[in-house]
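These notes are about the structure you will find just below.
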Amino acid sequence: MKRFRFPHFLALILGLAFLYIPILVLIVYSFNASRLVTVWGGFSLRWYAALFNNQPLMDAAWLSLRIALVSASVATLLGTLAALALARFGRFTGRTWLAGMIAAPLVMPEVIIGLALLLLFVGLEAGRGFWTIAIAHVTLSTCFATVVIQSRLVTFDRSLEEAAEDLGAPPWRAFLAITLPIIAPAIAAAWMLAFTLSLDDLVLASFASGPGATTLPMRLYSAVRLGVTPEVNAASTILIALVALIVVSASLMVKKNLLDTRR
Amino acid sequence: MAKKSLGNIRRSFAPWTDPAAKPLVTFERVTKRFGAVSAVEDLSLAIHAGEFFALLGPSGCGKTTLMRMLAGFETPDSGRILLDGVDLAGIPPHRRPTNMMFQSYALFPHMSVEANIAFGLRQEGMAKADIAARVAEMLALARLEGFAKRRPDQLSGGQRQRVALARALAKRPKVLLLDEPLGALDRKLREETQYELMDLQSELGMTFLMVTHDQDEAMVMADRIAVMERGRIAQVAPPEEIYEKPASRYVAEFVGDINIFEGAIAAIAGDIITVESPVCGTILLDEEDVSLPAGARVFVAVRPEKIVISHDEPALSANKVSGEVWDIGYLGDYTMVQVKIGGEGGPLIKVALANHARRAERPIAWEDQVWLSWEIEAGILLGGEA
Ligand SMILES: Nc1ncnc2c1ncn2[C@@H]1O[C@H](COP(=O)(O)OP(=O)(O)OP(=O)(O)O)[C@@H](O)[C@H]1O
Ligand SMILES: [Mg+2]
């Protein structure tokens, strides 16, 4: 057993390094005083300052944030409803279809979803911009939200709701007073997942956006094609920090919620 | 079996014997099917106000389903359920004057003990001060005073059970439904709680409908027991009647230990019936109103504690049989002796010997040749159906 410890450890380090060294380099160089991306010129926050003076980049960040807020909220609402339908209403006609249709976008290439949406928007002659990107993000993240919430609902004890009704609460109040608070952490986790999915999406946004509506990932991507600037590093670092924060808190919530159910 | 009598000396209360009494709950020819399974089949039942009524039966016989129909969680396929003369059809669970204590307790995990108990009262729109007073009263009743602020996961199993009971009692329902209320408790706590529940029920004068598959529990606690068999009622009667006068072989075998002898009626002389049995010869019984003709195939049931065991042949003309002691099982308050009749491969008869009375005569030992006998009153005549 002991003999294998060291190689295992090494493999772990190499694996983590493979995954995280590029990100680490990016973060380190965002604090680089030098303009040259590959030469270390001492610690500085100048690129963060420059970032906040870069109006197009700030506009893009603001747009991304708004889209993420809207699409995450809508996706969580739809996901909750879909999860309730799947977990509660037993074997209604079309249940298999609904379940399949909801799971499909999880594995469907994003390019295809993007293309399909683009064709739809063009066909409808919808002006592309904020709303079309938000809708595109809702289509993708609703599936993720549904899966997260449904997995919580299958372990939810129905007799809790029945007990509430038995004690005189009409079904809607039993849901609001009992079910919702208990599954709230899963709903919050679903919202956060949807939020990060929207925040860092490039593919769908590229298809669904129109002139004048450029999200942060799109802006960064186009900036990089003109050459990586330390400013882009700074923007990416902030994005990574935000996403990491959300993902960690979401997973903590799911974990806590799971522990609660096991008790 | 020694416990049996305790449940019945409580009070003389028997509204079901009064034909003019109006029952509180009535099931009228209720049927409920789940697909091909019929969980409750053409069942009629009347429960009176103030009764402690137990539904007893093996797993899957429809006890929970019957209770859930009264609470409103299942709808009967046919038949009616009346409460206080009102047909409950179409009334949703939250508007029925019944409360249920769930088998799993179903305590709200995100609420304190206090909030759990207050939940039902808040739904009624009761004034804050009244709620506080009622909750305090319920906490005292359930001996949970120190636990008001705790959450259910910070309680022991017995405490949770009491919270569930307090929550269901808080609204003072017309009928309290208890689905295996003591199922999750260990034996000692269970016996304590049985008496607590009985005291509580007679104190509050409430009607309790309890589901159980533990016959001792039903015997100790209930005023009347309904023994269920595959969605139907096999017998409804007070515990001693269920035990002493089972209506069928099913009931006799379900409640307590029993010896069953097959035979045929040889003669009927007034109340005295003579049955000829291949295993133990002539059996005499004292039974009123026997509608069976002479020659009918019947079963005679005799409880193990009613059989007397001796080394010498008793001076009786019937109700006796000899055999060999096959097994002796010590069970604390009594010893169960199994006697083999007619040598290898023959049937076994169970005899219960109370241990408080140590016999002066030579003790029973393995492989002794012994005589078994019983009084005329001990035999129970059961119809000849399978
Ligand atoms: N929701 C349901 N769907 C399908 N079948 C059901 C449902 N509820 C109960 N049944 C069936 O109805 C029958 C009676 O069930 P019920 O729960 O009333 O039994 P029970 O007497 O309470 O048994 P136990 O002592 O095991 O709790 C069983 O055969 C059960 O499988
Ligand atoms: Mg049950």
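Each value in this text was obtained by applying a stated rule to the coordinates, not by laboratory testing. In this text the structure is predicted, and so the values were computed from the model without any measurement. Cβ atoms come from the backbone with ideal geometry, glycine included; neighbour counts cover every protein chain shown.
Among B:Ala140, B:Ala39, B:Ala218, the residue with the largest mean-square fluctuation in a Gaussian network model of chain B, with springs joining Cα atoms closer than 10 Å, is B:Ala140. When the Gaussian network model of chain A links Cα atoms closer than 10 Å, the mean-square fluctuations of A:Leu167, A:Leu120, A:Leu57 top out at A:Leu167. Our coupling estimate for the stretch A:98-104, obtained by passing each phi through the Karplus curve with A = 6.51, B = -1.76, C = 1.60 and θ = phi - 60°, is 4, 4, x, 5, 6, 7, 3 Hz, Gly and Pro reported as x. Applying Stokes-Einstein at 4 °C and 1.567 mPa s to the Kirkwood radius of the stretch A:54-262, computed over alpha-carbon pairs, gives a translational diffusion coefficient of 70 µm² s⁻¹.
Note that the stretch A:115-123 has calculated 3J(HN,Hα) couplings of 5, 4, 5, 4, 4, 4, 5, 5, x Hz, one per residue in order, obtained from phi through the Karplus relation 6.51 cos²θ - 1.76 cosθ + 1.60 (θ = phi - 60°); glycine and proline are x.
The label point for A:Phe18 and the one for A:Ala244, both projected 7 Å from the Cα toward the Cβ, are 2.1 nm apart. When you filter the trypsin sites (Lys or Arg not before Pro) in the stretch A:40-107 for DSSP loop state and at most 14 other Cβ atoms inside 10 Å of their Cβ, you are left with A:Arg91. Put a dot 7 Å past the Cα of B:Ala148, heading toward its Cβ, do the same for A:Tyr221, and the two dots end up 6.1 nm apart. The charge dipole of the stretch A:54-262, taken about the Cα centre with unit charges on the Cβ atoms of Lys, Arg (+1) and Asp, Glu (-1), comes to about 200 debye, rounded to the nearest 20.
Per-residue ellipticity at 222 nm for chain B, helices alone: DSSP H runs ≥ 4 residues times -39500 (n - 2.57), over residue total, nearest 500 deg cm²/dmol? List each step's numbers first, then the result.
Details: 8 runs with 84 residues, N = 386.
One gets -6500 deg cm²/dmol as the mean residue ellipticity at 222 nm.
For B:Glu229, the residues 5 or more places off, or on other chains, whose built amide H falls under 5 Å of its own are B:Ala234. In this rough spin-label picture, where each label sits 7 Å from Cα along the Cβ direction, the B:Arg80-B:Ala136 distance is 4.5 nm. For chain B, a Gaussian network of Cα nodes joined below 10 Å ranks B:Leu88, B:Leu169, B:Leu155 by mean-square fluctuation, and the top entry is B:Leu155. Footprinting exposure proxy ranking of A:Ile27, A:Ile133, A:Ile113, fewest other C-beta atoms within 10 angstrom first, gives A:Ile27, A:Ile113, A:Ile133. Spatially, the stretch A:210-230 and the stretch A:33-104 are offset by 17 Å when compared through their Cα centroids. May I ask for the angle, rounded to the nearest 10°, between helix A:130-153 and the longest principal axis of chain A, with both axes built from Cα atoms and the value confined to 0 to 90°? So the helix axis and the longest Cα principal axis differ by about 50 degrees.
Computed from phi, the 3J(HN,Hα) profile of the stretch A:172-183 under the Karplus parametrisation 6.51, -1.76, 1.60 (θ = phi - 60°) reads 5, 6, 4, 5, 5, 8, 10, 5, 4, x, 6, 8 Hz, with x in place of Gly and Pro. Of B:Ser277, B:Tyr330, B:Val302, which is farthest along the charge dipole of the stretch B:198-340 in the positive direction, counting Lys and Arg as +1 and Asp and Glu as -1 at C-beta? Highest projection toward the positive end goes to B:Ser277.
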